[in-house]
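Where a number appears in this text, it was derived from the coordinates with a stated rule and is not lab data. None of the values given here were measured: they were computed from a predicted structure. All Cβ positions, even for glycine, are placed from backbone atoms using ideal geometry, and neighbour counts span all protein chains on display.
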Amino acid sequence: MLWTLPPIVVLGLVFLYPLVLLVRQSFSPEEGGTSLGPYTEVFASEEFREALWTTVAIAGGATVGCLVLGLVLAFVLAFVPFPGSRAVARFIDVFLSFPSFLITLALLFIYGSVGMANGLWTDVTGSAEGPFQFLTTPWGVLLAEVSYFTPFVVRPLLAAFSQLDTAQLEVASSLGARPARVVRRVILPEALPALAAGGSLVLVLCLNEFAIVLFTGAKDVVTLPTLIYTKAILESDYPAACVVATVNIALSVGLYALYRLAVGRATRAAGGR
């Protein structure tokens, strides 16, 4: 058992000890001592409540969007062969290695205030500005997150579909089952665990996403990660920043656990049918 001690010590020093320091700092007001003062002050702040709601709303919306779009894309790539489908699937693997701000910059080039779409509109109509001004709103952040995180759903779905026994599809079709029924009774039950894995990952990543919000220039969109940055870097209010960070961690772990529990029940129910 002694051989397990080094990795446990490394894990504790690298991951757990910084978290312990963060939580301890959240109970340490600037005037010294230990109290719940930082929590009381932060929780009473309208800024924190709005950031909490914005974070949950955007993360939830982006997760739903990624699940729907990812399921459609994976289904097309797996069951609707077309020239270049393998190249698209391989590109998805490469896309997973891209930093999140790249997709945001791409959207800025297309839909930004001086982007291609607005530039084309002003050239054609002679207007002073184009109609596409949504990137600096919550909708712009939502679009960027769905665009970036959808491959995190597509990849496990493609892996699940590749393990699907095609004989089941052939038998279902030969028995007169319509395509919609085949998808509902054969394909979706097999895809549910992969949807759970991809969706839970996307949910946690969206809850903690910082670069996309920053690069869209959405100044009025304040999420918990951006609020942490504001408190720690711009205002030098480290106790408040640690409080928000502690809440963010608890929210991420809690929502992840609840999501996995709900999907686990749905998977067992689908398997029992």
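Taking Cβ atoms as reference points and 14 Å as the exclusive limit, the residues near A159 contribute a net charge of 0, counting Lys and Arg as +1 and Asp and Glu as -1. Packing around the peptides 10-22, 228-240, taken as the average count of other Cβ atoms within 10 Å per residue, puts them in this order, highest first: 228-240, 10-22. Between 0 and 90 degrees, the angle of helix 100-111 with respect to the longest Cα principal axis of the chain falls at about 70 degrees. Computed on the chain, the Cα convex hull volume stands at 206 Å³ per residue.
Length available on full extension from W3 to Y256: 0.36 nm per residue minus the Cα-Cα distance, which gives 87.9 nm. Pairs of Cα atoms nearer than 8 Å and 6+ residues apart set the relative contact order; for the chain it is 28 percent. Comparing V204, V72, V124 in a Gaussian network model of the chain (Cα springs below 10 Å), the most mobile by mean-square fluctuation is V124. So what's the angle, to the nearest 10 degrees on a 0 to 90 scale, between helix 138-149 and the longest Cα principal axis of the chain? That works out to roughly 60 degrees.
Once you reduce the stretch 200-255 and the stretch 31-56 to the center of their Cα atoms, the two points are 13 Å from each other.
Using the Cβ of A62 as centre and a radius below 9 Å, the other residues enclosed give a net charge of -2, where K and R count +1 and D and E count -1.
In the elastic network of the chain, a GNM with C-alpha springs shorter than 10 Å, the most mobile of G61, G217, G115 is G115.
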